[in-house]
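Written out below as structure tokens is the structure these notes cover.
Derivation of every value follows stated rules applied to the coordinates shown; laboratory data play no part. This is a predicted model, so every value here is computed, not measured. Neighbour counts run over all protein chains shown; Cβ positions are idealised from the backbone, glycine included.
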Amino acid sequence: MSTRFRTSAGALLAALTLSAPATARAPALAAVLTCDPITGPGRVLCSVEVRGLRTARMAWADALVVAAPEFARPLRSRVAAPRLEPSSKSARIALALVATGEGRGTLRVRARAVLCQPRAGGELCWSEVQEPSVELAFPSD
């Protein structure tokens with residue numbers, strides 16, 4: 001391959017890459033994180049509501065705790081959704097924290113799901129991720 005051809009091919013590839021419109025697709029997943037009020041040291045219950053925003057069914061979902069305040073640590077850092085029905089469009093994932101004292105901070109969770117949509121000859125499935133968060137405080141304001 002000549003140097004001239006490689007240079008021309010490289011220039012063409014760069015031009016196509018730079019001129020290609022950037023297409024951002026809308027998220028197909030919504031996730032909401034809520035926690036019970038912290039009334040003192042002990043167990044704090046939280047839940048992640050994960051819902052597909054399109055007509056796709058939800059095949060699988062889980063939640064990973066990616067950040068938690070020092071005073072309220074998770075009992076488990078990853079929790080999977082209970083077994084989903086074949087027609088499920090949403091899932092509720094329960095999380096538990098242990099509050100050890102006073103403090104304030106953000107709980108952040110990575111909610112992941114696999115969504116599937118019928119296609120000719122089978123299903124098309126893809127993964128989606130959202131990172132909801134909630135502010136925790138004890139004592140509350």
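Using the structure shown, decide if ARG119 is basic (Lys, Arg) and either over 21 Å from LEU45 (Cα atoms) or touching a helix residue (DSSP H, G or I) at 6+ places or on another chain (Cβ under 7 Å) (or both). Yes; evaluated as a whole, the condition is true for this residue. Of all residues in the range 98-113, those being surrounded by 21 or more Cβ atoms within 10 Å (Cβ to Cβ) and among the small types (Gly, Ala, Ser) number 2. Looking across the range 40-63, just one residue is assigned to a loop (DSSP other than H, G, I, E, B) and free of Cβ contacts under 8 Å to residues at least 60 places away in the same chain, and that is LEU53. Surrounded by 12 or more Cβ atoms within 10 Å (Cβ to Cβ), within 15 Å of LEU136 (Cβ to Cβ) and touching a residue at least 40 places away in the same chain (Cβ under 8 Å): is that true of VAL32 in this structure? Taking the combined requirement at face value, the residue does not satisfy it.
Taking the numbered list (1) of a type in the set (A, V, I, L, M, F, W, C); (2) without any contact (Cβ under 8 Å) to a residue 24 or more places away in the chain; (3) surrounded by 12 or more Cβ atoms within 10 Å (Cβ to Cβ) in turn, ALA120 passes all entries but (3). Where strands (runs of 3 or more DSSP E) sit wholly within the range 64-141, those with at least 1 residues that are among the aliphatic types (A, V, I, L, M) and within 26 Å of ARG54 (Cα to Cα) occupy 78-80, 90-99, 103-119, 122-130, 133-138.
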